[in-house]
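Reading through the structure tokens given below for one structure.
The values are calculated or read from the model by the stated rules, or taken from the named source; none is laboratory data. Bear in mind the structure is a predicted one, so any value in this text is a computation, not a measurement. We place every Cβ from the backbone using ideal geometry, glycine too, and count neighbours over all the protein chains shown. Just the protein is used for accessible areas: all its heavy atoms, side chains included, with ligands, DNA and RNA removed. Shrake-Rupley method; radii C 1.70, N 1.55, O 1.52, S 1.80 Å.
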Amino acid sequence: MELSPKTWFMPVGASSIAGEVDWLFYFITWMSVAFFVIVTACTVYFLFKYKRKPGEKPGLTIPLHHNTVLEIVWTVIPTILVFFIFIWGFRSFMGLFVIPAGAEEVRVQAAQWSWTFRHNVGGSGNESKSNNLHVPAGRPIKLHLSSSDVLHSLFIPDFRVKMDLVPNRTTSLWFTALEEGEYDLYCTEYCGEKHSRMLARVYVMPEEEYKQWVWDNAKVATGKEIYDTKCSACHSLEAGNSEMAPTWHNLYGRTETLSDGTTIEVLDDYIWESIRYPHLKIVDGFEARARMAPFPKQSLSDEEVENIIGFMKGLSDYKADEASEDPKP
Amino acid sequence: MNKLPEKHFINSSRGIKSWLLTMDHKRIAILYMIMVMSAFYVAGIFALIVRLELAKPGALFFKDTVIEKQVDKSGAQKGSGAAGSTVAADEAGTGPEPAGAEGAGGDETGVAVPAAAEQTAPDNQYKPIDPGMSGDDKARMAKSQVFYNKMFTLHGVIMVFLFIIPSVPAILGNFLLPLMIGARDVAFPRLNLASWYLYLIGAAFSVFAILHGTVDTGWTFYAPYSTQTGGNATVIMITMGVFILGFSSIFTGLNFAVTIHKMRAPGIGWFDMPLFVWGIYATALVQILATPVIGITMVLLVLERWLGIGIFDPALGGDPVLFQHFFWFYSHPAVYIMILPGFAIINELVTVHSRRHIFGYKAIAFSSVAIAMLGFMVWGHHMFVSGQSEFSSMVFSFITVFIGIPSGIKIFNWVATLYKGSIAWTTPMLYAASFLILFTIGGLTGVHLGALGTNVHLHDTYFVVAHFHYVMVGGTVIAFLGGLHHWWPKIFGRMYNELWAKIACGLVFFGFNMTFFTQFYLGSQGMPRRYHDYSGMLKTNLFESLHGFSSWGAMVLGLGLLIIAIYLIHAAFKGEPAGDNPWGGLSLEWATTSPPPTENFLVDPEYTHGPYDYDRVLPEDMSSETAGLRKV
């Protein structure tokens, strides 16, 4: 991997292709500086050297209409240079678009005005969703891009990558992040009112940490999905119970009074029981309401129950067993 | 002491009707000048509003408390994320303002305590939209965003379609083209007047759209956003405006092409014309061939919005990338409609004010035509990251890098023209020198953008904004201002104050570089264009200092342009009479009175010498009585 040349005009080059792009950028820049100096120096020199003195009456000037050799020189040299630049630019462009085999795939969905990044959770069929991009360092990542409304464009300046997201079409790009850290990700195709707020972060982390993150994040995400499809009809997420059932707001860790007068702390065990056998212990005040149907293993897997519990934890201020929670990156 | 001629085109007839129904190309040029320059200054004010908004991160307009909260130098980005972290599940939410934001609504101190929260907040909770904002602040922020989007759209639309496309051809071209080829008028004087009225109607449509509602599509009108945003009436109005303005442009181009082919005075061959005419000719060809495409595209856009015919909107089975192809198939050649007339002017400035024969006449003439032709084959370089095929991108990049060659040749020729001249440090000459410096920067940075690998990084950042402005302002506008200063004494017969003119020229030069050179750096650092706000980024502090400097530059530039307007208008009415040939030019427009008579020349002009024959003819021998060299 080429390292980025010493940076002064470009930002940090934190991806494997940044090096080549930067070399090309600086090559063109220095070439431009050279041409600029020649043109400016000649112009300024002639302006002073051949300045008409005040009061001077100019006569006829030299009959120099053209100079074939000079004209060929200043046509051919730039032509060769730009041809070379074209080849070089094309090479680095192909590097941007030929995606290496075995790249980790992240699906990106853009919408006015947010990003959603979806990762597969190894083998489980679950997804890990986030509004920011998390990637492991040192491994090729392929972004599979699509938009659900208008045009957007994904741009990570420090990685030198950019690609439009087009509705009803998929595009892709790839990169290998070299250094762990935090990077900005922008939308660079004007998409309306909050275009300038369509920002996200790229978190580059060690491989192990990344795997852990995908796993942890998936639990939370799918817990919410299960809630949305199976629980939200009766259980609310706002403070205060609904008529139908206790709210999940601050439920985890709360001490509830049951219909037989005893109390119970709502922790993993009670939640497990209430999902599998809801009729066993009913919170006081809800015994006359419509009974919750039991969810056997066939309709809600053990893993999914864990996801729900994870989701509930996120809704709660309860922090007693915080130490046992999975470390977040 | 110089005197104005007794009768000239300005005083030959009086009354508002004599102006509004005139067929005189010189009067039409002045009608155009009034409208086009008004558009320029109005759009300039919009640009200043845009720069003001960007001077600091956060919202400036309608801001009240917003700005202080957004500008948190120690990394508001982290803090804003932390505030929303209580509801972990929102992480996967699809809306930009998840429930967490509502929950924190009304919490005025939401961002004030980021430091503590930073420790515990999982970093994946980063949220760019400040959830600590109250509902009121959010409403103000939204208002400010919409206002900004409207401002940059209007700046772009008005500058491009109402100012820069008609500027040189419709004002200076109209005035000078017949004079330079020794004609009495353009080929179709009625068509010429009609083009001005079309311009008025197109401008009226645009003004209506501005007053009526929100046009926030950017000057590029990219679908499908442009088929969804705002009210139907507004976007349809402004696209119809562009459509009508396109026809105005076609009429002008057609008129000029025919005039150059058929109306040259006896003895003037193709290579005896001033190069200004060649530049205008190349422009006219592009206007005729390319402008219909934007017309068709705008009609398709209106059909889609109005009747729901799916052409660009994928929801209706259309293709948004097709819009980009259509749009740039016109708009890339259109940038040559904008810059070729600038080139055309520079030919005259560098020769007249250095009294030198142009270096490489044919090379310059043919490079104009080469640019006009090649310009049709490079539109895809606006779309390297649009999802078009990599093969197309390769072809477009290949042609693009070569289009720099003819422009480079011109630059070298102009510099060589100065060699061993007798260079007068007049205001037009200073503009020509500014042009050589600024356009060189603009052209060379085009290579960064034409090469594929670097384009991907720079596309849609401020680097493009800077490049575009170096070419369009540093190139065309500087040349146009130079041209106005060069021909002002010819048009009005009166001279402006040279001292003020030089001060203003310096302000424009330095203000422009302050504004836009900064933006090259902003862009390569990754700052995206069309951003209302840049708070909450990792580089907010860097961007703030650069944007701030750029905004100061814009004020200097604005001041320079204001001074120009004041002394030029003053000079048109009250300036000292300038004489027929104040600079000592050899082309035919200097062989008539200033201002010229309605019929352009007192007698039929005669071709006695080439426009650049400073090596064998003295301009002092030019005479308006003979419409050519004084008889010896």
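Structure data summary
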{"quantity": "Residue, nearest to the other protein chains (Cβ to nearest Cβ), within the stretch B:519-553, restricted to residues that are over 19 Å from A:MET198 (Cα atoms) and open to solvent by 10 Å² or more (accessible area, probe 1.4 Å)", "calculated": "B:TYR521"}
{"quantity": "So A:PRO78, is it out of contact with any helix residue (DSSP H, G or I) (no Cβ under 8 Å at 6 or more places or on another chain) and either facing another protein chain (nearest Cβ under 7 Å) or open to solvent by 80 Å² or more (accessible area, probe 1.4 Å) (or both)", "calculated": "no"}
{"quantity": "Per-region count, the stretch B:424-435, residues at the interface with chain A (Cβ under 7 Å from one of its Cβ atoms) and surrounded by fewer than 24 Cβ atoms within 10 Å (Cβ to Cβ)", "calculated": "2"}
{"quantity": "Meets criteria (part of a strand (DSSP E or B), among the acidic types (Asp, Glu) and either open to solvent by 20 Å² or more (accessible area, probe 1.4 Å) or at the interface with chain B (Cβ under 10 Å from one of its Cβ atoms) (or both)) for A:GLU105", "calculated": "yes"}
{"quantity": "Enumerated helices (runs of 4 or more DSSP H) restricted to the stretch B:156-269, each holding at least 2 residues that are of a type in the set (Ser, Thr, Tyr) and under 30 Å from B:GLY310 (Cβ atoms)", "calculated": "B:232-262"}
{"quantity": "Any hit, the stretch A:167-181, residues being in contact with a helix residue (DSSP H, G or I) (Cβ under 8 Å, 6 or more places away or on another chain), surrounded by 23 or more Cβ atoms within 10 Å (Cβ to Cβ) and facing chain B (nearest Cβ under 7 Å)", "calculated": "no"}
{"quantity": "Number of positions in the stretch A:53-91 that are in the same structural domain as A:ILE17 (by TED's automatic domain parsing) and among the basic types (Lys, Arg)", "calculated": "1"}
{"quantity": "B:ALA233 vs. criteria closer than 30 Å to B:MET23 by Cβ and surrounded by fewer than 23 Cβ atoms within 10 Å (Cβ to Cβ)", "calculated": "no"}
{"quantity": "Residues of the stretch B:290-317 satisfying the condition of being in a loop (DSSP other than H, G, I, E, B), at negative phi and surrounded by fewer than 21 Cβ atoms within 10 Å (Cβ to Cβ)", "calculated": "B:ILE309, B:GLY310, B:ILE311"}
{"quantity": "One residue from A:PHE27, A:PHE86, A:PHE35 being closer than 20 Å to B:LEU452 by Cα, open to solvent by less than 80 Å² (accessible area, probe 1.4 Å), facing chain B (nearest Cβ under 8 Å) and not basic (Lys, Arg)", "calculated": "A:PHE86"}
{"quantity": "Answer from A:PRO58, A:PRO63 - the residue that is of a type outside the set (A, V, I, L, M), assigned to a loop (DSSP other than H, G, I, E, B) and surrounded by fewer than 16 Cβ atoms within 10 Å (Cβ to Cβ)", "calculated": "A:PRO63"}
